[in-house]
Every structure is written in C-alpha cells, then in structure tokens.
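Participant: Can you keep this structure in mind? I'll have questions shortly.
The values are calculated or read from the model by the stated rules, or taken from the named source; none is laboratory data. Since the model is a prediction, treat every value here as computed from it, not as a measurement. Note that we place each Cβ from the backbone using ideal geometry, even for glycine, and neighbour counts take in every protein chain shown. Accessible surface is based on the protein model in full, side chains and every heavy atom, while ligands, DNA and RNA are left aside. Shrake-Rupley method; radii C 1.70, N 1.55, O 1.52, S 1.80 Å.
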Amino acid sequence: MIKFKDRPIKSKLTIFIMISTFLAMFALSSLFVYQQYNTYKKQLSEEITTITKIIADRSNAAILFADQQTLRETLSSLALHKYILLGCTYSAEGHLLAKYLKPKSQLACPININSSIHSFIQNDFQVSEPIILDGNEEGLVYIRTSTEQLKSSIKATLLNILLLSSLIILAALLFARYIQRFISTPLVQLQKVAHKVTEDHDFSFRVRKKNNDEIGELVEAFNTMLETISEQNKVIEENTNNLETKVHERTEELAIANRELEAFSYSVSHDLKAPLRIIEGFSRALEEDYGDQLDETAQDYLTRVRVGSFKMSQLITNLLQLSKVTRQELSKEKIDFSKLTNKIAKSIIDQDNERTTHISIQENMTAMGDTNLVEILLDNLIGNAWKYSRKNPEARIEVGMREHLGTNIYYVRDFGSGFDMKYADQLFKPFNRLHSPEEFEGTGIGLATVSRIIERHHGKVWAESDPNTGTVFFFTLFPGSSNSSLPHGDISQDTDIIKFIQKG
Amino acid sequence: MYSHIKKKNVLIFVTSLLILMQANFCHSKSVFDVKAAYLYNFIKFISWPSIESASTTDNQINKASVFNLCLLGEDPSYKKLSLLDKRPIHGHTLTIKSIPKFSPSDDCKVLYIGASEERFLNNILPRIHSTPILTLSSIPNFANLGGTIGFITLGNVVRFNINLKQAEATQLSISSKLLELANKVVR
C-alpha cells in the first residue's frame with residue numbers, strides 16, 4: 001500500500017475530488033431526505049386530517065338521525081385509501097356508532113377519545129375530528145393510518161438520491177479526469193522531460209506549454225532554464241575549442257622559436273669551435289716552440305690559456321650534444337640495456353685507473369628507445385655518479401631496473417655526495433649547479449641533456465638524494481601507460497631500492 | 001359517562017315516578033322524542049327560498065325573527081314537539097303555533113299535519129300548492145300522498161320517506177345527506 005503523500009498527483013487530485021464530492025453528496029442527501037421526511041409527514045398529516053374532516057362532514061346528517069348503516073357506509077369509503085387501517089365514528093356521548101377496519105388488521109376503536117388528536121403512535125398516525133353541525137359537536141370521527149406510505153415514499157426518495165448521487169459521482173470522476181489535463185498531465189510531462197534531460201544530458205528537449213496558469217509558467221521557466229543551459233554549454237564548448245586552437249597556435253610558435261634557438265646555439269657552438277681551435281693550436285705551438293724562452297710567469301699564463309680553452313671546448317661540445325639531442329631524429333628500437341651499460345661503465349673506468357670503482361649492473365635488462373640517445377643518457381648519469389663518488393675511498397655504483405605497474409623503471413645509484421632535496425627542482429635546468437666548480441667540475445649541461453632525452457622518450461626522470469648516503473636517479477623510457485603514477489617517496493638512509501619500489 | 005347516566009337512571013326509576021315523568025332528559029327516548037329531534041334536524045338540512053342562507057351560521061342575527069312550526073289538528077307527538085319552542089334555527093327562533101285549521105296567513109314554514117287530519121288530507125295538501133312550506137306527518141303513506149316528509153316506524157325504529165317532487169314544487173332544497181338517510185325517496 002502506497003502512502004497517500006507518495007501517490008502521484010493524478011490520483012491525489014482524483015481522491016480529493018471524490019472525497020469532497022462524497023461529503024457534499026452525503027450532506028446534501030441527508031438534508032434532503034430529512035426535509036423530504038418532514039414534508040411527507042406533514043403531507044400525510046394533512047391528507048389524513050382532510051379525509052377525517054370529509055368523513056366527519058359526510059357523517060353529520062347520519063349521526064343526527066342515528067343512522068348507523070349510513071355511518072358505516074361512509075366509513076367504508078376509507079377502503080379506497082391503501083394505508084388507512086381503522087376508522088371509527090362516535091356519538092357526542094362517546095358511543096361507538098360505526099367502525100371500519102382494513103382487512104387482515106387487528107385493531108380496536110379506542111374508548112374515551114377526545115377530539116383533535118394529531119399524533120404518531122407506534123408506526124401509525126392517528127387523527128380525530130369532531131362532527132359539527134350548526135356549531136354543535138354531534139360526534140367524532142377517528143382514523144388511524146399506517147405510515148408505510150411515508151416509508152415507501154422515503155425509500156423511493158432514497159433510491160432516487162442514490163441514483164442521482166451515482167450519476168453525480170460519475171460526473172465528478174469524469175470531471176477529475178478532465179481536470180488532470182490542466183494540472184497533472186503537464187506536470188507529468190514536465191517530470192518526464194526533466195528525467196530525460198537528466199539521463200541523456202540533452203538540453204534540446206522542450207515541454208509544450210498548454211495553459212497560462214502557474215503550471216504554464218512553470219513549464220515556461222523550465223524551458224527557459226533548458227535554453228539557458230544549452231546556450232551556456234555552447235559558449236563553454238566554443239571557449240574550449242578556442243582554447244585548444246590557441247594552445248595549438250602557441251605550441252607551434254613556441255616550437256618554431258625553440259627550433260630557431262637551437263639552430264642558433266648549434267651554429268654559434270659550431271662557429272665558436274674554429275677560433276677556439278686556433279687559440280688552442282697556437283698556444284700549444286707557442287709552448288712547444290718557445291717554451292724554453294718563457295719565464296715561469298709566462299709559462300703559468302700560457303697554461304691558464306690552454307686550460308680555459310679546453311674548458312670552453314668541453315662546454316661547446318656539451319652544448320652541441322644538447323642541441324643534437326633535441327634536434328636528432330628519434331628511432332625506437334630494442335636496446336640491450338645491460339650490454340650498453342657495461343660498455344659505458346668500462347669506458348668510464350678506463351678513463352681513470354687511479355680510483356677504485358665498483359659498478360654492479362643488473363643482467364638481461366632491455367629497453368625501448370634510441371640507442372645513441374640512451375647511450376648519451378647513461379654516459380651522463382653514470383659519469384655523474386662516478387664524479388660525485390670522488391670523496392669516497394672507492395666508488396660504488398649500481399645500475400638496475402624494476403617493474404612497476406607494467407612500466408620498467410631504471411635506476412642509477414651512487415653512494416657519494418648527495419644533495420639537499422629542497423633543490424631537487426633545480427636539478428634538470430641547464431647551467432644550474434648544486435655544487436661549486438671548485439668542489440666538482442662540470443658544465444651544468446649534463447642533467448639538462450638527460451632531461452631532454454627522457455622527454456623525447458616520453459618518460460620521466462627524478463632523483464632521490466641525501467647528502468650523507470648518496471643519490472638515486474630513476475627514469476622511464478616509453479612508459480606503458482601515460483597516466484600510471486610513478487613511485488615518489490622520501491628516501492631514507494637505510495632505504496633499499498628494491499624495497500622502495502615495492503613499497504611504492 | 002354513559003354508564004354513569006344509566007346508574008342515575010336506575011336510581012331515579014326506583015325512587016320517584018314523579019321525578020321520572022318530569023325528567024324527560026333522562027328518560028329513554030320515546031318515538032315522540034325521536035320524532036321531535038328528527039323534525040328539528042330536518043330543518044337543518046333543508047333550505048327555504050325566503051330565508052337567507054347567510055344567517056344560518058350566526059344565531060345572534062335575526063334573533064327576533066320567527067320561524068313558525070305550525071301544528072295542525074291533534075297528534076300524540078305534539079306534546080314533545082312543543083318542547084322545541086324558542087329553539088334557535090337557521091338564525092331564527094323556532095316558534096310553535098298550534099292551529100286548528102290551515103291558513104296561508106299563518107306564515108308557516110313547517111306544517112305538521114296531525115293524525116286527526118288524515119281524512120282532510122286531500123283537502124289540505126292542494127292548498128299548499130307551491131308555497132314554500134315543509135309538510136310533515138306520521139300519517140301512513142304521507143310522502144306518497146303528496147306530503148314532503150312522512151315518518152314511518154319500522155319495528156321500534158323511526159325512519160322517514162321524502163317526496164322530492166313535492167319538495168321541488170314547494171321550492172324547498174333538501175340536502176343530499178338527508179336524502180341519503182331517507183328510507184324512501186319519491187321522485
């Protein structure tokens with residue numbers, strides 16, 4: 001059973017109309033029946049009184065001449081009335097002179113009766129009227145009638161009312177149906193459209209307005225609301241499109257600018273090399289050919305010129321490399337990562353035989369990427385690791401790979417001088433250095449190159465470091481899914497990499 | 001009430017004959033009593049052309065005017081009929097007039113023909129002709145002989161015959177109620 005308040009408006013309206021109709025009909029019918037009853041009662045009383053008066057009038061002569069036969073005959077005309085049960089004629093002295101009794105009824109004429117009775121007795125009505133002649137009371141006529149007449153009249157009235165009520169209630173039901181057109185039907189339609197809009201997110205639906213009442217206004221407001229929403233949607237869509245176009249344009253412009261800048265830096269670097277070679281070549285020639293003629297101070301100056309030009313050459317080489325890394329066409333191939341790492345490790349160890357260096361490389365590592373670029377990448381990272389392990393009695397470097405959420409994460413770890421993590425965001429910018437050149441030499445371009453290579457491989461590079469325990473560089477190459485989150489976390493002193501990755 | 005009268009009646013019967021004779025009211029009704037009552041009642045149901053019907057309802061009007069009831073000759077009922085004297089009727093005063101011989105100048109409204117006049121009936125009735133006079137008598141066959149109303153006695157019950165033809169001839173209008181009650185109506 002649904003609670004009344006949860007019923008649809010349609011049935012609520014119908015119920016309201018029906019209840020009010022029922023109540024109205026009931027009240028009216030009751031009043032009408034009550035009035036009808038009184039009217040019938042009055043009519044009955046008047047009718048029987050008149051009959052009694054007629055009988056009394058018809059009987060005056062007979063009573064004067066003591067003609068009981070005639071009195072009986074007069075009374076017997078009462079048989080014409082269906083409901084009269086008893087008729088009695090009395091002399092002035094109160095003697096019963098004539099009697100009429102309806103067949104099958106068992107009533108006796110009352111004795112000691114007085115004139116002018118008008119009363120209901122049990123289920124009957126009784127009347128008595130004096131027989132008057134020349135102002136003298138010559139006798140009395142008494143009539144008793146059944147009220148069946150009243151009952152049957154009321155019954156007939158009730159039946160009529162019932163019939164009429166049914167018709168009115170039927171009419172009310174039809175009226176309620178008709179009313180629905182103005183109230184609940186538009187509301188239901190409104191609700192349906194609202195539902196549809198919510199489900200389909202299509203704001204092009206409209207509800208048809210039928211009338212100019214409050215519901216009509218509601219429908220109009222609803223339509224206006226939909227209109228506003230769809231217009232705003234359009235504006236938002238346009239803005240989005242514009243924004244995309246703008247972003248696209250800006251990216252294009254930026255790319256052009258970048259390309260120009262790179263071309264410029266390449267040509268500058270390249271063109272700088274020629275005069276540098278001249279400085280280098282002639283300063284060496286000066287040293288070789290005229291070294292013995294120069295005093296100590298001149299020798300020192302010359303050495304400084306040669307160191308400076310060497311540094312500049314290195315810087316130019318690195319700049320060219322960065323430029324090359326950016327400009328070079330990228331090939332995507334399978335790389336034997338372990339083998340490549342081995343090769344680089346060997347060349348680094350060969351550079352300086354004075355320092356003890358342990359480089360442990362995980363076996364059977366592979367990667368996807370451009371071999372040349374990945375080689376430059378590893379060269380930079382392992383070179384860095386080796387460089388910053390200088391203060392340790394022996395350098396220890398680990399290169400490995402772990403899988404995380406379908407993506408290979410490569411790492412290069414050293415146990416040298418780490419850095420403060422608050423400078424981590426400065427790490428990959430060109431010419432930004434976390435250590436002074438006196439402490440560790442370098443051009444400040446290496447990690448920028450690394451970052452550029454990783455970028456071109458759509459990967460990510462990040463570092464975890466501690467000044468006491470060393471640094472770990474992580475990177476990915478062509479990660480499996482672009483949105484997979486990569487492990488980030490604080491590295492603590494005793495954190496093991498394997499553990500860390502698993503922890504992530 | 002009636003039983004009370006009966007007891008009283010018995011008491012009177014036992015105690016005094018004289019009182020019995022005088023107390024006509026309480027005496028069981030004789031044929032003459034009945035006839036007197038009937039006569040008085042007849043007048044109520046008959047209207048005379050010369051008497052205004054409007055006055056019938058009000059006894060106070062025309063109290064002085066007389067309504068003559070003439071008693072012709074001798075009849076055993078005259079003693080009782082005389083008691084009707086001075087009674088109000090149709091707004092007039094009923095006046096008993098004993099006349100030895102009928103004369104139109106007596107202004108009789110009702111003429112009771114006594115038993116003694118039976119022989120002169122053929123002589124009296126034609127003289128009335130169309131005069132509005134109600135003729136009454138106990139003479140047998142009176143209504144058939146040309147009288148208006150004739151008393152008859154069936155057993156010990158007094159009834160009456162009405163000669164409607166005579167009533168119409170004398171311009172008397174008799175109520176249908178009275179006609180209904182008549183033993184016989186001569187038309």
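Participant: With respect to the numbered conditions (1) more than 14 Å from chain B (Cβ to nearest Cβ); (2) touching a strand residue (DSSP E or B) at 6+ places or on another chain (Cβ under 8 Å); (3) within 22 Å of A:Ile54 (Cα to Cα); (4) not aliphatic (A, V, I, L, M), which one is the sole condition not fulfilled by A:Gln149?
Facilitator: With respect to (1) more than 14 Å from chain B (Cβ to nearest Cβ); (2) touching a strand residue (DSSP E or B) at 6+ places or on another chain (Cβ under 8 Å); (3) within 22 Å of A:Ile54 (Cα to Cα); (4) not aliphatic (A, V, I, L, M), A:Gln149 is out only on (2).
Participant: Assess whether A:Ser347 counts as being touching an Asp or Glu at 6+ places or on another chain (Cβ under 9 Å), farther than 27 Å from A:Val268 by Cβ, open to solvent by less than 50 Å² (accessible area, probe 1.4 Å) and part of a helix (DSSP H, G or I).
Facilitator: Values: touching an Asp or Glu at 6+ places or on another chain (Cβ under 9 Å): yes; farther than 27 Å from A:Val268 by Cβ: yes; open to solvent by less than 50 Å² (accessible area, probe 1.4 Å): no; part of a helix (DSSP H, G or I): yes.
Here the answer is no, as A:Ser347 does not meet what is asked.
Participant: Further question on the same structure: Can you find even one residue in the range A:285-294 that is at pLDDT 85 or above and outside any helix (DSSP H, G or I)?
Facilitator: yes
Participant: I've got another one for you. What tally of residues in the range A:3-26 results from selecting those that are within 36 Å of the chain's Cα centre (by Cα) and open to solvent by 100 Å² or more (accessible area, probe 1.4 Å)?
Facilitator: So the first thing to find is which residues in the range A:3-26 are within 36 Å of the chain's Cα centre (by Cα), and the list is A:3-16.
Checking the rest, the ones that are also open to solvent by 100 Å² or more (accessible area, probe 1.4 Å) come to A:3, A:5, A:10, A:16.
Of the residues in that region, 4 qualify.
Participant: Report those strands (runs of 3 or more DSSP E) wholly inside the range A:98-160 carrying at least 1 residues which are at pLDDT 90 or above. Spell out the reasoning first.
Facilitator: Details: elements: A:118-121, A:124-133, A:136-146.
In the range A:98-160, the matching strands (runs of 3 or more DSSP E) lie at A:124-133, A:136-146.
Participant: Out of the range B:98-136, which residues are open to solvent by 20 Å² or more (accessible area, probe 1.4 Å), closer than 20 Å to B:Glu168 by Cα and touching a Phe, Trp or Tyr at 6+ places or on another chain (Cβ under 8 Å)? Before you say what the answer is, go through the steps one by one.
Facilitator: Our first condition is that a residue be open to solvent by 20 Å² or more (accessible area, probe 1.4 Å); within the range B:98-136, this holds for B:98, B:100-101, B:103-107, B:109, B:115-120, B:122-123, B:125-127, B:129-132.
Next, from what is left, pick out any that are closer than 20 Å to B:Glu168 by Cα: B:104, B:107, B:109, B:122, B:125-127, B:129-132.
Across the range B:98-136, the qualifying residues are B:Lys109, B:Arg127, B:Pro132.
Participant: Can you tell which of A:Leu381, A:Leu330 is within 25 Å of A:Gly480 (Cβ to Cβ), modelled with pLDDT of 90 or more and either under 52 Å from the mean Cα position of the chain (by Cα) or not assigned by TED's automatic domain parsing to the domain that holds A:Gly446 (or both)? Give the steps one after another, and end with the answer.
Facilitator: Working: A:Leu330 fails: modelled with pLDDT of 90 or more.
Only one candidate qualifies: A:Leu381.
Participant: Would you check if A:Ser204 is outside any helix (DSSP H, G or I), modelled with pLDDT of 80 or more and among the small types (Gly, Ala, Ser)?
Facilitator: On the way: outside any helix (DSSP H, G or I): yes; modelled with pLDDT of 80 or more: yes; among the small types (Gly, Ala, Ser): yes.
Yes; evaluated as a whole, the condition is true for this residue.
Participant: Something else now. Being without any contact (Cβ under 8 Å) to a residue 40 or more places away in the chain, open to solvent by 50 Å² or more (accessible area, probe 1.4 Å) and among the hydrophobic types (A, V, I, L, M, F, W, C) is the requirement here; does A:Ala62 meet it?
Facilitator: no
Participant: Still on this structure: Would you pick out the residues in the range A:452-464 that are surrounded by 19 or more Cβ atoms within 10 Å (Cβ to Cβ) and either part of a loop (DSSP other than H, G, I, E, B) or touching a Leu at 6+ places or on another chain (Cβ under 9 Å) (or both)?
Facilitator: Passing the criteria: A:Arg452, A:Ile453, A:Ile454, A:His457, A:Gly459, A:Val461, A:Ala463.
Participant: Something else now. Just to verify a result, which residue in the range B:146-162, among those that are closer than 19 Å to B:Ser47 by Cα and open to solvent by less than 10 Å² (accessible area, probe 1.4 Å), is farthest from the other protein chains (Cβ to nearest Cβ)?
Facilitator: B:Gly147
Participant: Looking at (1) open to solvent by 50 Å² or more (accessible area, probe 1.4 Å); (2) in the same structural domain as A:Lys387 (by TED's automatic domain parsing); (3) assigned to a helix (DSSP H, G or I), which is the one condition that is false for A:Asn353?
Facilitator: Here A:Asn353 clears every test but (3).
Participant: All but one of (1) open to solvent by less than 60 Å² (accessible area, probe 1.4 Å); (2) more than 30 Å from B:Phe32 (Cα to Cα) hold for A:Tyr90, so report the exception by its number.
Facilitator: (2)
Participant: Output the residue which, of all residues in the range A:76-108 that are among the hydrophobic types (A, V, I, L, M, F, W, C) and within 14 Å of chain B (Cβ to nearest Cβ), is nearest to A:Leu44 (Cα to Cα).
Facilitator: At the first step, the residues of the range A:76-108 found to be among the hydrophobic types (A, V, I, L, M, F, W, C) are A:78-80, A:84-86, A:88, A:92, A:96-98, A:101, A:107-108.
With within 14 Å of chain B (Cβ to nearest Cβ) added as a condition, the list becomes A:92, A:96-98.
Values: A:Ala92: 27, A:Leu96: 25, A:Leu97: 26, A:Ala98: 24 Å.
Checking each candidate, the answer is A:Ala98.
Participant: Kindly indicate the residue of the range A:312-337 that is surrounded by fewer than 18 Cβ atoms within 10 Å (Cβ to Cβ) and among the small types (Gly, Ala, Ser) and also nearest to A:Leu477 (Cα to Cα) among those meeting that condition.
Facilitator: Looking at residues that are surrounded by fewer than 18 Cβ atoms within 10 Å (Cβ to Cβ) and among the small types (Gly, Ala, Ser), I get A:Ser331.
Participant: Regarding B:Thr170, is this residue over 21 Å from B:Tyr38 (Cα atoms) and away from every other protein chain (no Cβ under 14 Å)?
Facilitator: Values: over 21 Å from B:Tyr38 (Cα atoms): no; away from every other protein chain (no Cβ under 14 Å): yes.
For B:Thr170, the condition - over 21 Å from B:Tyr38 (Cα atoms) and away from every other protein chain (no Cβ under 14 Å) - is not met.
Residues checked against (1) without any contact (Cβ under 8 Å) to a residue 60 or more places away in the chain; (2) surrounded by 12 or more Cβ atoms within 10 Å (Cβ to Cβ); (3) polar (S, T, N, Q); (4) not in a loop (DSSP other than H, G, I, E, B):
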| site | (1), (2), (3), (4) |
| --- | --- |
| A:Glu217 | yes, yes, no, yes |
| A:Ala221 | yes, no, no, yes |
| A:Glu231 | yes, no, no, yes |
| A:Lys234 | yes, no, no, yes |
| A:Asn242 | yes, no, yes, yes |
| A:Thr245 | yes, no, yes, yes |
| A:Glu252 | yes, no, no, yes |
| A:Tyr266 | no, yes, no, yes |
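Participant: Here's something else I'd like to know. Kindly establish whether A:Ser309 is open to solvent by less than 100 Å² (accessible area, probe 1.4 Å), in a helix (DSSP H, G or I) and either in contact with an Asp or Glu (Cβ under 6 Å, 6 or more places away or on another chain) or farther than 30 Å from A:Phe203 by Cβ (or both). Write out each step before concluding.
Facilitator: Numbers: open to solvent by less than 100 Å² (accessible area, probe 1.4 Å): yes; in a helix (DSSP H, G or I): yes; either in contact with an Asp or Glu (Cβ under 6 Å, 6 or more places away or on another chain) or farther than 30 Å from A:Phe203 by Cβ (or both): yes.
Criteria met by A:Ser309.
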